[in-house]
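S.K.: Could you have a look at this structure, given as C-alpha cells, before my questions?
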Amino acid sequence: MTITLIIIITTIVLFVTSKIRADIVALCALTSLIISGILTPGEALYGFSSTVVIMMVGLFVVSGAILQTGLAKAVSQRIMKLASGSDTKLFILVVIVTATIGAFISNTGTVALMMPIVVSMATQAGIRPGRLLMPLAFASSLGGMLTLIGTPPNLVIQDSLTGAGYAPLKFFSFLPVGLICLAVGIIVMLPLSKLFLYKKKKEKDKTPNSHKSLEELVKEYRLESTLRRYKIKSSSAVRGKTVAELNLRRIYGLSILEIRSESTDRSGLIRNVRQSLAGPDSILNEGDIIYLTGDTTIMDKFAKDNNLKRLDSNNMDFYDIGIAEIVLMPMAKLIGSRLKNSGFRERYDINVLGIKRGESYIQSDLPDEKLQSGDVLLVQGKWSNISKLDDQETDWVVLGQPEEQASKVTLNHKAPLAAIIMLAMVATMVFDFIPIDPVTAVMAAGLLMILTGCFRNVEAAYKTINWESIVLIAAMMPMSVALEKTGTSAVISHSLVSSLGSMSPTILLAGIYFTTSLLTMFISNTATAVLMSPIAMTASLEIGVSPYPMLFAVTLGASMCFASPFSTPPNALVMHAGEYTFTDYVKMGLPLQIVIGIAMTFILPLLFPF
C-alpha cells in the first residue's frame, strides 16, 4: 500500500509541475507498478486493449473526418449565427448543446462529435479553442446526469437499488439533478473560463509566419477575375477532343487550368469529384467542367463558338489540386529563361498561374515571360507534386507548407456522407434494439470514413489520432487495479464513511460525494461507482435513512470529476487540442467539483428525502 501511495503522489506532483509530458509520466508510473511487483505485465497493459481506449482511437478518426469534410464548419456556422457574435452566448450554447447530446450517448462520443465543431467555431470567433474545449468536456459529463443511460455510474446505482429490493429509477429520474448540475456548471464555468482559459489569438499567429490561406492567394492574384468555368454538353463541339487538338493558346490565347468531373448517386447525397490538370492528351468528355483562364471576353466567344455552358460560380474548390507560392533564388538556373522553357509542367506536372514581381502581378502572356531573381510564382498542381517542388530543387523555396495546407482543405463534397456515417454511429449508441456494441460502431464508423474518401488518404486519418491522450488514459487505467489489489481504495472509503456515519445524514452524504470524487481522480468513474455503491447502501441502512440520496451522491461524485486530465476520457481528449496543463484542470475543475458537491449536499435530500 505504501509503495502504491508513493507512486501516486509522485505522479500527481509530476503532473502538476508539467516539466515532463503527461503521457511519459503515466508510463513511468505504470512501469514502476510493474517493477515493484504490484501489477503483473498483463494487468498493467490491459488499458491498451480496453474498449474505452479503442473507442477513443476510433472517435479521433471520426472527429477528424467531420473536420476534414467541412461538416464541422457548416454546423458551427449555424451555432455562430445563434450566438450573434457574443462570446457569452457562444459559451452557453456550446455547453447546452453538448450536455443535451451527452444525455443520450457516451460522454467520450459526445466530445469527439463536438470537438471539431467547437474548434471551428473558436477559429471563426477569433479565440483560442482552449477557451471552449475544457467546458465542452465538462459539459459532456454534466449532460450524463440528465438521463439513466447518460453515464455508466447511473446504471451502477440502479443495479444496487434493484439488487437490494428498492424501486428502480426511471429514465428521467435523473433530470432534476442533471438540470441543477448543468445550471451550476454554467454559472461557475463562465467566469472561471474567462479568468483562466480566455486568451485572444496572439498577433504573431496572424502574421505571415502562418502563411497565406488558399482564399487569400486567390484574392491576391485576382484569379476569380481571370477565371471562368464551363460545362461540356452533349452538343459541344469540343466533346471527345484532346486539349492539344483545341490549340487554345494559339487560336484564342486561353489556357485550360483544370478538368473536373462530378457525379452523384440517385439520392443526391453522395457526390464524387475527380480533378486533373489539363495535359495535351487530356480528352474532354460530356459533363466535364473546364476551368479557363485568360481574357473573359474571348472566353465567352470560345464558349459560344463551341456551345459550352457557363457556370455561375468561379470558386476553385480545392481538393486534390491546390495552389502555392514559390520564390526564385538569386542563383537559380531559370533566371533569364522564358517560363515556357522552365520545365515546371514537364517535370513536375505543375501550372504557373501568375507571377508577382515586386508590387506588380503578371498574368497575361505568361509563357513568354522571362523569369527574374526574386520572382514569386503562383503554381497549381496536385498537393503531392507541390510538395516535391520543395524536396528536389534548390533554385526556389516553397512558401508555406503544402502538406499542412492540404490538410486544411475541406472535402466538402463528402460532408453529407460523413453526416450519414456519424448519425448511424450515434443511432447505434442511443437505441438498444440495434445489436451493435458501441466500440464496434465506432470502429466501423472510422473505417467507413476512410473507405468512402472522407480523408484524402489513410495517412491523413492516422494524423488525426492524438497518441499522447491515448497513452495517457491507457497507462493510467491500471492504477485502479493497483489501488484495489493493495486495499488502498477500500481503506480510504471505509474509514471516511465510518467516521462520518455517526454524524448527521447530511454530513455522511457530503462525505460519500467527496470520497467518491477523490477516488475518481485515480480510478475510472465506473470502477469507483462499483466500489462505493455497496458502501453507501450499507451506510444508509445502518443509520436508517433512504439509500436514494446516498447513491445519487455516489454517481455524482463519480461523474463530476473535473480536477485532472486523466479522471475521465473526455478530459484527456481535449487536453492536447486545448493546449492544457494539469494545473489548468485544477484551476477550472476543482472549484466546479467542490461547488457541485456543496450544492448537492443540500439539494439531494430535498429531491430524495432521507
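The values are calculated or read from the model by the stated rules, or taken from the named source; none is laboratory data. Predicted, not measured: the structure shown is a model, and the values here were computed from it. Note: ideal-geometry Cβ built from the backbone for every residue, glycine included; neighbour counts use all protein chains shown. Side chains are part of the model used for accessible areas, which takes the heavy atoms of the whole protein and leaves out ligands, DNA and RNA. Shrake-Rupley method; radii C 1.70, N 1.55, O 1.52, S 1.80 Å.
S.K.: With a Förster radius of 51 Å, plug the Cβ-Cβ distance of THR40 and ASN341 into 1/(1 + (r/R0)^6) and report the FRET value to the nearest 0.05.
M.R.: 0.15
S.K.: So, one more: Sequence gap at least 6, Cα distance under 8 Å: using those rules, report the relative contact order of the chain to the nearest whole percent.
M.R.: Working: 1000 pairs, mean separation 121.6, N = 610.
Relative contact order for the chain comes out at 20 percent.
S.K.: Oh, and also: Counting helices only, and only those DSSP H runs with n ≥ 4, report the 222 nm mean residue ellipticity of the chain as the sum of -39,500 (n - 2.57) divided by its residues, in deg cm²/dmol to the nearest 500.
M.R.: Values: 29 runs with 345 residues, N = 610.
The per-residue figure over the chain is -17500 deg cm²/dmol.
S.K.: Return the carbon/sulfur percentage of the accessible area of the chain, one whole number, probe 1.4 Å, all protein chains in place.
M.R.: Values: 16290 of 26600 Å².
Ligands and nucleic acids excluded, carbon and sulfur reach 61 percent.
S.K.: Turning to a different aspect of this structure: Measure off 7 Å from each Cα along the Cα-to-Cβ vector at ILE9 and SER261, then give the distance between these two points in nanometres to one decimal.
M.R.: 7.1 nm
S.K.: Here is a follow-up. How big is the dipole moment of the chain about its Cα centre under a simple scheme where the beta carbon of each Lys and Arg is +1, that of each Asp and Glu is -1, and everything else is neutral? Debye, nearest 20, please.
M.R.: The dipole magnitude comes to about 1340 debye.
S.K.: Over 22 Å between C-alpha atoms is what I'm after, so list which of LYS309/LYS340; LYS219/LYS382; LYS333/LYS388 land there.
M.R.: Details: LYS309/LYS340 30 Å; LYS219/LYS382 20 Å; LYS333/LYS388 18 Å.
Where the Cα-Cα span goes over 22 Å, the pairs concerned are LYS309/LYS340.
S.K.: Short version: ³J(HN,Hα) in whole Hz for each residue of segment 185-197, in order, from phi by Karplus 6.51 cos²θ - 1.76 cosθ + 1.60 (θ = phi - 60°), x for Gly and Pro, what are they?
M.R.: Along segment 185-197, the couplings run x, 5, 4, 7, 6, 4, x, 5, 5, 5, 6, 10, 10 Hz.
S.K.: Then there is this: Gain in length, THR538 to ARG249, computed as 0.36 nm per residue apart minus the alpha-carbon separation, to one decimal in nm?
M.R.: 95.2 nm
S.K.: Further question: Given a Förster radius of 22 Å and the C-beta distance between SER373 and ARG222 as r, what FRET efficiency does 1/(1 + (r/R0)^6) yield to the nearest 0.05?
M.R.: The formula returns an efficiency of 0.35 here.
S.K.: When ligands, DNA and RNA are left out and all protein chains stay put, how many square angstrom of accessible area per residue does the chain have with a 1.4 Å probe? Intermediate results must be reported in sequence, preceding the final value.
M.R.: Values: 26600 Å² over 610 residues.
Per residue, the chain has an accessible area of 44 Å².
S.K.: Taking the Cβ-Cβ separation of LEU590 and MET331 as r and a Förster radius of 60 Å, what is the calculated FRET efficiency to the nearest 0.05?
M.R.: After rounding to 0.05, the efficiency reads 0.50.
S.K.: Using Cα pairs closer than 8 Å and at least 6 residues apart in sequence, work out the relative contact order for segment 66-155, in percent.
M.R.: 35 percent
S.K.: Give, in nm to one decimal, the length gained when the segment between ILE20 and THR162 is fully stretched (0.36 nm per residue of separation minus the Cα-Cα distance).
M.R.: 46.5 nm
S.K.: With a ≥ b ≥ c taken as the square roots of the eigenvalues of the C-alpha gyration tensor of segment 15-107, please select rounded if a/c is under 1.5 and otherwise prolate if a/b is larger than b/c or oblate if it is not?
M.R.: prolate
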